[in-house]
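Structure first, then comments.
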Amino acid sequence: MNETLQDTVTRICSSFSGDRSRLMDVVQAVHDECGHVPRPAMEMIAQELGISRVEVESLISFYSFYTDQPQGQVVIRLCNDIVDRMSGMDRVAQAFSAELGIGFGQTTPDGTISLMYTPCIGMSDQGPAALINDVVVTNLSSDSAREIVQELKLHLDPTRLIKHLGDGNNAHELIQAMVNNNIRLKGDMLFSVINRGEALNKALNISPMEVIRAVKTARLRGRGGAGFPAGMKWEYTRAAKGDKKYVMCNADEGEPGTFKDRVLLTELPDRVFAGMTIAGYAIGAEEGILYLRQEYAYLKEFLENVLQKRRGDGLLGQNVMGKEGFNFNIRIQMGAGAYVCGEETALISSCEGLRGDPKNRPPFPAQKGYLGYPTIVNNVETLCCVTKILELGPASFNEQGTERSAGTKLLSISGDCKLPGIYEVPLGIELSEVLKMAGAEDAIAVQVGGASGQMVAPEDFNRHICFDDLSTGGSIMVFGAQRNILEIVHTFMDFFVEESCGYCTPCRVGNQLLRQRLELIMEGKGEPADLENLEELCQTVKTCSRCGLGQTSPNPILSTLKHFRPVYEAMVQEEKDGFQPAFDLRESLAVSERIIGRQSVHVHS
Amino acid sequence: MAKPKIATAALSGCFGCHMSLLDIDERILQLFELVDFDKSPIDDIKEFTGPVDVGIIEGGCCNEENVENLRKFRQYCKVLVSIGDCATTGGVPSLRNMVPLEECLREAYFDGPSVYNPSGEMPSDEALPLLLDKVYPCHEIVKIDYHLPGCPPPADTLWEALVALLSDKPVELPYSLIKYD
């Protein structure tokens, strides 16, 4: 038995040339073949790659899609993000659990099916949704959950669960998914006709500096949410010293409620890859990496095929489009379920075959990124914008939007609205206008920017979606009158507690404390001073955390404390005696009373 | 005008903070000029004689008696100050929070290598206060107005804080008095 495991590991490791930086791929391959990574395999992988066992083990323990414990041949991962919860996840969860006869986190006694929760899988517009191995199932109900289990018990083949295919490329023979694009509003930029090769051709006919100038003239800012000027990032990277440079495309779309990159990758992969190639030309890179989240593994074969075609057509490879001396290739790096890897330095760590821990900045990736080389990391949408800028010229790009937020933006709208889906709108648009389009006029609250964004109250619906006001990577989650604001915030805190990488204390411990204090208030055990304490703790976590995760995780609490103060105030009351309502003497003595075998003199006198 | 009153108590701690209070040396005479002590181990008054201006608490809460005591302080004291790491965080006694209470007691009375307990009984006399499920810092039991960290807070820190409180001035201690490294 061990002999064959050794053979498997040796074969896999040598297929990646024993390259330590490909540890993610090695672990993934072993995982695929064995269903998990057996502990003896860790030692073997370590030996083959010349690293220590703990490095392998720590990587496996970091990513939620890897495990060292045997699990079912089929793994059902039910998405538990807030929008899926609102669309009936609980009933679906009960149905899965009852029909399988197991709880979440368990595997059926015959070892065939495992059941677990997973954070947002990028299907908020068609939830409740689940991943069954790589297969996405959407619009679940308790009935369909039961049917799925019954069918799986017969054939254990998730691909056979798909009875009807989604629209557009979702029906492509290499995708075959029941996912729907739900493109509700096509703007002039991203969803216009694609002239394959045109943008790249135009780029290659001018100098790299001119390409960068075009991107700067267009005033393109990063579409992932942070809004850093893309041209400036490219310029720094071009200017940085390094034997090699790298282009990375961040397709680790993990911000709850965001699903625009899913649609771009499905419908406009050529534009994404062209954007990467143009970036490569501009900064002087020969290699690009598309970091694709594991949740979107159903797109991988399709994307590989698009890459293959581009290589065949001379759009990738040696002397791209006949441009002498410009060589560029792209590989796809699969993630393995870690929200923090959407943070660019964590994403780089992950590509290097490490835990997805963020790195200290400076040095910024532009100076020292992937494997120590100057690297740019751009969002999928940003790279799509680049192709349009090159195709139609910078002026056509920034004629829409505002002075400081040029161009259009894809919004992923979900939650309590009639028309959830993708909307391409000019930046600077009023939130109320967006809500009107989506059929969400009666919203009582809107979370803009995902879990790490902010909760906006109706009196602020006239604010503008742009980098300087309501900034968002695309996520807009709408909440109707029937929703409990504190429960929503609590769900976000659950998410951050789970996704904190644990490296720095303010984030690892701080988010736990924030959740605890929030719970105290929700249980009616808080007093007015607790709200101030909560706010103070939020500031501490924001200020002291090492990366964007902890710097933004208190946002849902902070923004609701600000805009929905009465909701909190209704839950707390001034204690006249100065005793803490959260402390219950009787309860805290129960263990003692049982062990000692007598009652408390104080409580019972 | 009557002098302001202060009261002090040592809950689950080592009395080190009270020792530090005595460490103000001859200023203790000045302190007695400034204030009257009510319930406190310093003058050995066991029960409150009436409302008190400033209460000083050393130690966290490990048992029911601590809780009763602390709550009484909250009722009688206008301003309540937690001093030292045990009162503000649980401190050394709270190390037991990592071990379930039952295991702690078993180790103490049955399983520990030096335990001699031929009757095999767990002490249960009513004079012994029952232990809480874990050790709590004071602010989790009652509202605390000021926290003075340190193990123990130095005499000068205590002195400056007390003088400020008693003279109705804001408690703004210089960094040198609250830095511990």
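The values are calculated or read from the model by the stated rules, or taken from the named source; none is laboratory data. Small disclaimer: the values here were computed from a predicted structure and weren't measured. Backbone-built Cβ (ideal geometry, glycine too); neighbour counts: all protein chains shown. What goes into the accessible areas is simple: the full protein's heavy atoms, side chains included, and nothing from ligands, DNA or RNA. Shrake-Rupley method; radii C 1.70, N 1.55, O 1.52, S 1.80 Å.
So here's what we get for this one:
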{"read-out": "Residue that is nearest to the chain's Cα centre (by Cα) [pool: residues in segment B:16-72 that are of a type in the set (A, V, I, L, M, F, W, C), assigned to a helix (DSSP H, G or I) and within 14 Å of chain A (Cβ to nearest Cβ)]", "value": "B:LEU70"}
{"read-out": "Members of segment B:80-127 found to be among the aliphatic types (A, V, I, L, M), open to solvent by less than 40 Å² (accessible area, probe 1.4 Å) and within 14 Å of chain A (Cβ to nearest Cβ), listed by number", "value": "B:LEU80, B:VAL81, B:LEU101, B:LEU105, B:MET122"}
{"read-out": "So A:LYS576, is it modelled with pLDDT under 95, within 36 Å of the chain's Cα centre (by Cα) and either more than 10 Å from every other protein chain (Cβ to nearest Cβ) or closer than 29 Å to A:PRO458 by Cβ (or both)", "value": "no"}
{"read-out": "When residues of segment A:436-464 are limited to those that are touching a residue at least 60 places away in the same chain (Cβ under 8 Å) and among the aliphatic types (A, V, I, L, M), the one surrounded by the most Cβ atoms within 10 Å (Cβ to Cβ)", "value": "A:ALA451"}
{"read-out": "Qualifying position, being among the small types (Gly, Ala, Ser) and at positive phi, among A:GLY111, A:GLY72", "value": "A:GLY111"}
{"read-out": "Residues that are crowded, with 24+ Cβ neighbours inside 10 Å and of a type in the set (A, V, I, L, M), drawn from segment A:116-130", "value": "A:ILE121, A:MET123, A:ALA129, A:ALA130"}
{"read-out": "Hits in segment A:55-88 (condition: over 22 Å from A:SER21 (Cβ atoms) and in a loop (DSSP other than H, G, I, E, B))", "value": "A:THR67, A:GLN69, A:PRO70, A:GLN71, A:GLY72, A:GLN73, A:ASN80, A:ASP81, A:SER87, A:GLY88"}
{"read-out": "Hey, B:PRO152 in contact (Cβ under 8 Å) with a residue 24 or more places away in the chain, more than 27 Å from A:ASN533 (Cβ to Cβ) and assigned to a loop (DSSP other than H, G, I, E, B) or not", "value": "no"}
{"read-out": "Leading residue by the ranking (nearest to the chain's Cα centre (by Cα)) among those in segment B:128-140 that are outside any helix (DSSP H, G or I) and within 10 Å of another protein chain (Cβ to nearest Cβ)", "value": "B:TYR136"}
{"read-out": "Selection from segment A:92-105 of residues that are open to solvent by 10 Å² or more (accessible area, probe 1.4 Å) and under 25 Å from the mean Cα position of the chain (by Cα)", "value": "A:PHE104, A:GLY105"}
{"read-out": "Residue list for segment B:43-53, restricted to those being in contact with a strand residue (DSSP E or B) (Cβ under 8 Å, 6 or more places away or on another chain), surrounded by fewer than 22 Cβ atoms within 10 Å (Cβ to Cβ) and farther than 18 Å from B:MET19 by Cα", "value": "B:PHE48, B:GLY50, B:PRO51, B:ASP53"}
{"read-out": "In segment A:583-602, the residues that are more than 7 Å from every other protein chain (Cβ to nearest Cβ) and either touching a residue at least 12 places away in the same chain (Cβ under 8 Å) or not aliphatic (A, V, I, L, M) (or both)", "value": "A:ASP584, A:ARG586, A:GLU587, A:ARG594, A:GLN599"}
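Here's the yes/no breakdown for (1) over 21 Å from A:LYS388 (Cα atoms); (2) in contact (Cβ under 8 Å) with a residue 60 or more places away in the chain; (3) open to solvent by less than 30 Å² (accessible area, probe 1.4 Å):
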{"position": "A:GLU267", "(1), (2), (3)": "no, yes, no"}
{"position": "A:GLY275", "(1), (2), (3)": "no, yes, yes"}
{"position": "A:GLY280", "(1), (2), (3)": "no, no, yes"}
{"position": "A:GLY288", "(1), (2), (3)": "no, no, yes"}
{"position": "A:TYR298", "(1), (2), (3)": "yes, yes, yes"}
{"position": "A:LEU303", "(1), (2), (3)": "no, no, yes"}
{"position": "A:ARG311", "(1), (2), (3)": "yes, no, no"}
{"position": "A:LEU315", "(1), (2), (3)": "no, yes, yes"}
{"position": "A:GLN318", "(1), (2), (3)": "yes, no, no"}
